[in-house]
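The next block holds one structure in the form of structure tokens; read it before the comments.
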Amino acid sequence: MDVTAAWLTFRLASTTTLLLAAIGLPLAWWLAAPHGRGAGLRGLIEAVCTLPLVLPPTVAGFFLLVATAPQSVVGRFWAGLTGSTLPFTFSGILLAAVLMNLPYAIGPFTAAFAALDRKLVEASWCLGESRAATILRVVLPACWPGIVTGLVMTFAHVVGEFGVVLMVGGNIPGITRTLSVALYDDVQALDHASAARTATVLVAVALVALVIVQRLARQPLAKGTGR
Amino acid sequence: MLRRPSNHRFRPLRRDPVVISALIVAVCVTILGGCTKPAPPRTPQAPTKIRVAAATDLRSCLDALTDAFQVEHPSFDLLPTFGASGVLLTQLKSGLETDLYLSADIAYAHDLAAAGLAAEADVFESGQGRLVIWVRNESPIDVAKLGGEALLDMSVRRVAIANPVHAPYGRAAVAALDHLGLHDRLKEKLAIGESAAQAAQYVESGAAEVGILPMALAKGIRLSERGRFWVVPAEAHPPIRHGGAIHARAIDREATVAFRDFLLSPAGRSILARYGFEFPAVP
């Protein structure tokens, strides 16, 4: 198996997961907030975040390729910032992976936050805990299974991300050739033995991810019922 | 019961050490990974990598070329990425970094120069490829005897070719079908691969019964042990003129030029000739 591709895939998946945790948790908290103000905007943002789930990866890849081309606004901004281009670089596939995996993180996060009993948060406030302390000591522990589910699903899905990575990243060893792309490359090279090894690793990653998610799902979710 | 059993749901952290340790490891390794230098400084021991964006029909022979090249230049190594020539050109124009572009159609190399990504003087012709009709060993079709008629055999349901829109061998295959007067009869049976390599994979896997493929792939180690072929006459299609160009932003121009020179040298050509390439005198 291609060790370089495995390491690259791992780096891409873990960086994406961390970034989506940083972006997704606050966003999901806002999306799950119960009060009525900004409901229309919320609906729109939620739809946009879910879009990658239903969009064909080639469509997303095409838009990303056009949007990040050196002549585009984003491309010029990025070139001014870093002096390099986005397509066919690690940053490029990272951006693609973050955007494509928004639904896999935001979905479970939002569901977990929405299922949280609001009374627990308010009780914490009434007991004099600050907002930060409430989030750290009440919200995150109670929603932990949902959050981990989102993170694990994101990680596993990035590992399997193919169409967008191939389109935005090309197939460059060590830079954008992830395991899924390496598998495609092996099949093109008629190297079935290597393809089988890579595919086995990908199946194993998916299986481990599902086992983790199932373990967490078996734990009672914080629904705040039955007091 | 007055006492609640426990606020168990607030302690999944302590309950599942497997998940927690997995996450901790993931975070640590990510941080470590983020700290890895993307490009370590070149030492005399580490070979200089020449990045090559190459047409898919060169997959097999580029390995052989690399091995022979490294005998003379052990400090250089090739880092190839493969694709249909037209697809690679589009990617190069949208910012794909490479040192050397090897196309199955020299027109694309000129196109790269026209886009300002290579000097016109750095465009070179590297030989002419040939087209074959390929079947698997277990196929009942006697392709050597039947030639182009093999495509009309009753057992043929699919004919694999590369996409003529951006793959030079796909265009040559369509031209050859036209020349043989078979294009209209076989139009419905064509299975279009993204590149010549994908067309080869279609027929090698058995998904298509026959493939019209680059001879360079048919002579490669994988296909040569799994099937047989008939060489399509050269007059059946316009010449498949392979060409390449050194990228204007090549990192190590000296190394790239060394490989280009090797490719065009008698030693390089003798390897290309083993894969069916021909070198007619350029008029």
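The helices (runs of 4 or more DSSP H) falling completely within the stretch A:1-85 that include 3 or more residues that are over 23 Å from A:L179 (Cα atoms) and among the aliphatic types (A, V, I, L, M) map to A:3-32, A:39-54, A:73-82.
Of all the criteria given as (1) closer than 30 Å to B:L96 by Cα; (2) not in a helix (DSSP H, G or I), the one not satisfied by A:S91 is (2).
Does the stretch B:176-184 contain at least one residue that is assigned to a loop (DSSP other than H, G, I, E, B), surrounded by fewer than 18 Cβ atoms within 10 Å (Cβ to Cβ) and of a type outside the set (G, A, S)? Within the stretch B:176-184, one or more residues are assigned to a loop (DSSP other than H, G, I, E, B), surrounded by fewer than 18 Cβ atoms within 10 Å (Cβ to Cβ) and of a type outside the set (G, A, S).
Taking the conditions exactly as written (of a type outside the set (D, E) and closer than 25 Å to B:R249 by Cα), does A:V159 satisfy them or not? No: the conditions fail for A:V159. Taken as a whole, the structure places A:A21 among residues that are within 14 Å of another protein chain (Cβ to nearest Cβ) and more than 22 Å from A:T89 (Cα to Cα). For the stretch B:153-165, the condition holds for at least one residue, the condition being that it is in a strand (DSSP E or B), farther than 29 Å from B:I246 by Cβ, in contact (Cβ under 8 Å) with a residue 24 or more places away in the chain and within 14 Å of chain A (Cβ to nearest Cβ).
Within the stretch A:160-179, being crowded, with 24+ Cβ neighbours inside 10 Å and of a type in the set (A, V, I, L, M) holds for A:V164, A:V165, A:V168, A:L179.
When we screen B:A216, B:A207, B:A199 for residues that are outside the structural domain of B:F76 (by TED's automatic domain parsing), assigned to a loop (DSSP other than H, G, I, E, B) and either closer than 29 Å to B:G181 by Cβ or at pLDDT 95 or above (or both), the only hit is B:A207. The strands (runs of 3 or more DSSP E) found wholly in the stretch B:84-136 and carrying at least 1 residues that are within 14 Å of another protein chain (Cβ to nearest Cβ) and touching a residue at least 60 places away in the same chain (Cβ under 8 Å) occupy B:100-103, B:131-136. Filtering A:A22, A:A28 for residues that are exposed (fewer than 12 other Cβ atoms within 10 Å of the Cβ) and modelled with pLDDT of 90 or more leaves a single hit, A:A22.
Which of the residues that make up the stretch A:164-183 are more than 12 Å from every other protein chain (Cβ to nearest Cβ) and part of a helix (DSSP H, G or I)?
Result: A:V164, A:V165, A:L179, A:S180, A:L183.
Please go through the stretch A:188-215 and pick out each residue that is in a helix (DSSP H, G or I) and over 30 Å from A:A105 (Cβ atoms). Selection gives A:Q188, A:H192, A:A193, A:S194, A:A196.
The values are calculated or read from the model by the stated rules, or taken from the named source; none is laboratory data. Quick caveat, the model's predicted, so the values are computed rather than measured. Note that we place each Cβ from the backbone using ideal geometry, even for glycine, and neighbour counts take in every protein chain shown.
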